[in-house]
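All remarks here apply to the structure that follows.
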């Protein structure tokens, strides 16, 4: 059977089950829209972190905290159109939560094909589950994330 179709049906059922939580979703949607100012790029965040680093300290590379795998570059190249990468690193989400995130984000990442978008969310689901430890991040990067 077609995997995207099964996934779509499963997420549709999950969405309908949770529709009773509409006020919570409305609040989350409002926060997401409010956070869509231009965030710093990875390069800008790394430059800022470098400027605040103690002499002799090892430079921070955002790629070090995103595991290798299909979807990694899609995340690094596309998710910053609305927010910094910190939410991905610190939010611990299960498969259903990542699915809901995908539904909420699909129209914002218009440049990706449906297949690329699925690869991106498969990567997030597999590499950032609830039990994955939160990596140590520079204060400047954490400070750049105020809401999501």
TODO: Go through 84, 75 for me and flag whichever is at pLDDT below 85, under 22 Å from residue 137 (Cα atoms) and buried (at least 18 other Cβ atoms within 10 Å of the Cβ).
DONE: 84
Open item on the list: Among the residues of segment 107-139, what is the count of those that are in contact (Cβ under 8 Å) with a residue 60 or more places away in the chain, surrounded by 13 or more Cβ atoms within 10 Å (Cβ to Cβ), in a helix (DSSP H, G or I) and over 13 Å from the mean Cα position of the chain (by Cα)?
Closed with: 1
Task: Unique residue being in contact with a helix residue (DSSP H, G or I) (Cβ under 8 Å, 6 or more places away or on another chain) and at pLDDT 90 or above when the list is 108, 100 - done: 100
- [ ] Please give the number of the condition residue 35 fails out of (1) closer than 25 Å to residue 140 by Cα; (2) modelled with pLDDT of 60 or more.
- [x] (2)
- [ ] Specify the residue that is nearest to the chain's Cα centre (by Cα); the eligible residues are those in segment 87-100 that are part of a helix (DSSP H, G or I) and under 22 Å from residue 141 (Cα atoms).
- [x] 88
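The values are calculated or read from the model by the stated rules, or taken from the named source; none is laboratory data. Everything numeric in this text was worked out from a predicted model, so none of it was measured. Heads up, the Cβs are rebuilt from the backbone with ideal geometry, glycines too, and the neighbour counts pull from every protein chain shown.
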